[in-house]
Structures are given as structure tokens and as C-alpha cells.
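Asks: Below are the C-alpha cells for one structure; questions will follow.
Every number here is computed from the coordinates shown, using simple stated rules; none is lab data. Keep in mind that what you see is a predicted model, and the values were worked out from it rather than measured. Cβ atoms come from the backbone with ideal geometry, glycine included; neighbour counts cover every protein chain shown.
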Ligand code: UN1
């Protein structure tokens, strides 16, 4: 039987053997070392490819810079038409791309389909935006003058993406950047190159329909850390958008800042939820479970810290353990599975290590063991863990990319908010309550210090329409909806004098 990865690649028109580099319509084999791609489902090898070299990054940057000259003057609405047609490709190949996401990232089918839907959604958002790149008009302080802002395309955008959302996060950046008039150079995670290669093939299908579009607005360079570093260092790339770990983001930010470039960072989350006595109990169980164990705990928005009022903590713990014990764990492509594998054995070891540390710090660890029965051989499958722990345990400040949920008890809400904010990261947060005063306090300046603040839903699963990102070590960037598009453009302030006089601002007299 043909492997599902093979079938999906064939259906999307990916020529094989796969190549690591693409500049528009062209594919080039990488010129660096050989790399094998293994599926987290069963460890099987699903592709071999050679990584890109840093010289190939430079070639892509040159091509993207050339494409930019044409792309920036093509009207926004035409750029929007390109994105609309790319969105159609995604609709046609939703299941094929989702199959690859499951095989490369280990997501359950429902979540893989959701990830592709997130791409389709951002394309729709970007198409509308392509006719709404509005600038302001300000009242000039001088007579006979008009003061306005224009938003212009910025230039090639480098996108460094992570394995856990191998395609959606690139699409958030690409769809917006394209309508804003910028080319994209994409360095995907080395763990998920096939999904990236497939996206580029879908872009090529779109380019075939629109000959006026300069192909090098979409470039792909699959490679290791050196490829990401080269992209971050390239003066031809005015904006680097990076998603991943805090150390990676810090390195990228320092390199980009060193050349006074712009960076858009979406880094670690260590997301908390406060559950108050008035919370709807069954809603709590469902939202906690989806946020804590979805994507096997490997979303940047995953719920990691549950801060529960002491009066309901035991009941909530017992009910969660009941749910956790019967969660279907296994092959993510099988109907009904709710937890697939971790991305690799290193992640499973990091989870084991975090649980051991939590125990040393006084934590009571429930579940969280390795699963070897009823799951494909060769993958790293684990049970989700629930850890009862004191609010001052140092481990609470650390993000472990695995399904570990710490349960902390609180007495009053102000204390709960203080515990909630007492971590270096600031991505997503939630409160479950039926008391409007508690909800509003959490959303107020004295409440959550995160970029995403939810009431009566979990921390994960944001819609594309809002600005997505967080504060503190999360990096401060905002991607996706709202006015995130402004980061992909440069702003020109125009003052036009339509009078015969030359009055100076601030009333300065300067008579020559
Ligand atoms: C990520 O994990 O990097 O809000 C992105 C969510 C998804 C995106 C997560 N829409 O969970």
C-alpha cells in the first residue's frame, strides 16, 4: 500500500525526491548535509533531503529583493487576488495537507484539519485587508497643508517557524505579508520540512494561474540553525518573524537588532488559568482538558498552570484525573484518538525530567507515565500529567513542551492573579468564573499581564481575527488579525503644502 505521506505529496503536485530550496517556481536541492525526516507517529523515515546552505539563503534573499521591486507596485487588490487563489488551493488540498501535518508533527486529524482551516481563515482575512491598508489623515497645524500617512510595502520578510504549528504560523505571516506587498523567505522547522515543501507546491499552483505575479515572492530554505542565523543576519530582509523557544528568539532578536532590523517574536508561553468557585464545573473540565492535552501539550498556548480556589480544588483534581485516565492515546490519524505522540524522544525525556524535578520540589505527580500499549511502536507516547504543587515551586516558571499541568491552590483572587503573573512568560491566560467582577478584574490593568486574556474558555485555540502574541519573554510580537499587518509595512508621513506660503511648524520665523 502506498504510504499516506506519499499519496498526499503526489496529490499536491510535489515533485520527488523533495528539494530543500525553492525560489518561486524553481526547486533546487540543498547543497548541505543529508537529512532524514522521521515521523513522530512510529519513527518511520518519511523523507530524505539535503539541507540548504547559507549561500542558498543569500540567493533566495537576492531573488526576493528583485521580486519585491515588482510586487510592491502591484495594487493591493491584485495581491489580494493571489492570496485568494492560494486560499482556494488550501481548500482543495485541506485533507492532503492535514495528512502531512499529522505525519510530520503528530497531531490528531481534527487538529491538523483545524490548522489548515486556520490558514484558509487568514487568507480570507488578508483578502479583505488587501483593500483596507488604511492610513490616517491628521489635521495639519499649518494653513494650506495636508498631513497624511501612507503604508508602503516593507521588503522581504523572513519567517522562522516551529514544528508544532508547521504551516498555520507561516500562513499568518505569508498571507499578510503578501497583501502588504512583501515577499516571503521561509525557514521551517527542520522537523517538519515536508509540510513546508507542500505549501510551496500549492503556491506554485497559484503562480501558474497568475503570470503577473513575480514568483520569487515565495521562497523556501529548509535547513538547520545556520540557515535561520543567515536569514536573521541578512540586511536584505527588513523583518524577521520568528516562532519558537525563548533562547532561539533571543538569538534572533540580538542578530536582527544588531543590524537595526525589525523582529516579530512569538516565543515561549507558560499559560495559566484561574478557576474560581463560581466557575461552570463541566465547562471547566472540557476547557482545561482541551487546553492542557491538545496537541499533546505542545502548543505555545497550552495550559500549563491551573490556579484553583481551594474550596473546589480536590473535586476538580479528581474529575480531571478521571478524564485523563480514559483519554484515548495513540495513532493520531485514527478516528477518536485525542492524544498523539510527542514530537520526539528528547521531548519525552524532558517531560520525565520536569516531573522528577517537580517531585523534588514537593509536587504530587499524578499519571504522566510512558504509554507503550495500544500505540504505534517507534513513537514517544505519554499520558498527560497532573501535578499538585505549591505556588512557589521554581519549576512553575519553566515551560516544558509536554502535557504537564500544575495544579496550584489559592485563597483570594488577588493572590491568584499574583501567582498567575509570577512567571517570565506572558502569552495566553484565562479565568473561569460566573462573577462579572472577577472576570473584569482579570481583564483589567491589575489583572492578567498576558497578550491573550480569556474568560470562560481555555488558553489555547485562538481565532485568527485577533492579534496573537504575548508579553515579557514571549517576545512582544503580534501576528495574525487586528492591526498586526502594520508590522509588515513601513509608514510614510506626508505633508503636502498646497498654498503659496511657507509657514513653518511650531510657528518658527525664518525669513531669508
Ligand atoms: C502556536 O502554538 O504557536 O491559539 C500557535 C492557538 C492556535 C495557534 C497556536 N490558534 O492555540
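Asks: Round to a whole angstrom and tell me the spacing of the C-alpha centers of segment 223-252 and segment 23-75.
Replies: Centre-to-centre distance over Cα atoms comes out at 15 Å.
Asks: What ranking of 42, 318 emerges when the number of other C-beta atoms within 10 Å of each C-beta is taken as an exposure proxy, fewest first?
Replies: Going from least to most buried by this count: 318, 42.
Asks: Classify segment 1-82: rounded, prolate or oblate, from the alpha-carbon gyration tensor (a ≥ b ≥ c, eigenvalue square roots; a/c under 1.5 rounded; otherwise prolate if a/b is larger than b/c)?
Replies: Working: a/c = 3.20, a/b = 1.61, b/c = 1.98.
Oblate, since a/c reaches 1.5 and b/c is not below a/b.
Asks: Fewest first, what order do 148, 400, 372 take by the number of other Cβ atoms within 10 Å? Display every interim value, and only then the final one.
Replies: Values: 148 14, 400 20, 372 9.
Taking fewest neighbouring Cβ atoms as first place, the list is 372, 148, 400.
Asks: Taking the Cβ-Cβ separation of residue 278 and residue 327 as r and a Förster radius of 30 Å, what is the calculated FRET efficiency to the nearest 0.05?
Replies: Working: r = 27 Å, r/R0 = 0.90.
So the FRET efficiency works out to roughly 0.65.
Asks: Between residue 369 and residue 435, what is 0.36 nm times their sequence separation minus the Cα-Cα distance? Round to one decimal in nm. Could you put the intermediate results ahead of the total?
Replies: Numbers: separation 66, 0.36 × 66 = 23.76 nm, distance 3.71 nm.
Full extension of this stretch gives 20.0 nm more.
Asks: Counting helices only, and only those DSSP H runs with n ≥ 4, report the 222 nm mean residue ellipticity of the chain as the sum of -39,500 (n - 2.57) divided by its residues, in deg cm²/dmol to the nearest 500.
Replies: Numbers: 14 runs with 186 residues, N = 512.
Counting only the DSSP helices, I get -11500 deg cm²/dmol.
Asks: If you rank 134, 406 by fewest surrounding Cβ atoms within 10 Å, what's the result? Show your work: numbers first, answer last.
Replies: Numbers: 134 11, 406 25.
So the ranking, lowest neighbour count to highest, is 134, 406.
Asks: Another question about this same structure. Please say if segment 231-286 is rounded, prolate or oblate, where rounded means a/c under 1.5 for a ≥ b ≥ c the square roots of the C-alpha gyration tensor eigenvalues, and otherwise the choice is prolate for a/b larger than b/c and oblate otherwise?
Replies: Note, shape of segment 231-286 comes out prolate.
Asks: Can you compute the modelled spin-label distance between residue 352 and residue 73, with each label point 7 Å from Cα toward Cβ, in nm?
Replies: With each label placed 7 Å out from Cα toward Cβ, I get 6.2 nm.
Asks: Here is a further query. Between residue 422 and residue 501, what length in nm is gained on full extension when 0.36 nm per residue of separation is reduced by their alpha carbon distance?
Replies: Working: separation 79, 0.36 × 79 = 28.44 nm, distance 5.82 nm.
22.6 nm is the gain from fully extending residue 422 to residue 501.
Asks: Whole angstrom only: what separates the Cα centroid of segment 332-376 from the Cα centroid of segment 81-116?
Replies: 27
Asks: On to the next question. Quick check on segment 380-475: of the DSSP beta bridges with both residues there, what percent are antiparallel, nearest 5%?
Replies: The antiparallel fraction comes to roughly 20 percent.
Asks: With a point put 7 Å past each Cα toward its Cβ, work out how far residue 318 is from residue 334 in nm, to one decimal.
Replies: Result: 3.2 nm between the two label points.
Asks: Contour minus end-to-end for residue 36 and residue 443, with contour as 0.36 nm per residue of separation and end-to-end as the Cα-Cα distance? Mind showing how you got there, number by number?
Replies: Values: separation 407, 0.36 × 407 = 146.52 nm, distance 4.63 nm.
Working it through step by step, the gained length comes to 141.9 nm.
Asks: On to the next question. Once a ≥ b ≥ c are taken as the square roots of the eigenvalues of the Cα gyration tensor of the chain, is the result rounded (a/c under 1.5), prolate (a/b larger than b/c) or oblate (a/b not larger than b/c)?
Replies: Details: a/c = 2.10, a/b = 1.25, b/c = 1.67.
In terms of gyration-tensor shape, oblate.
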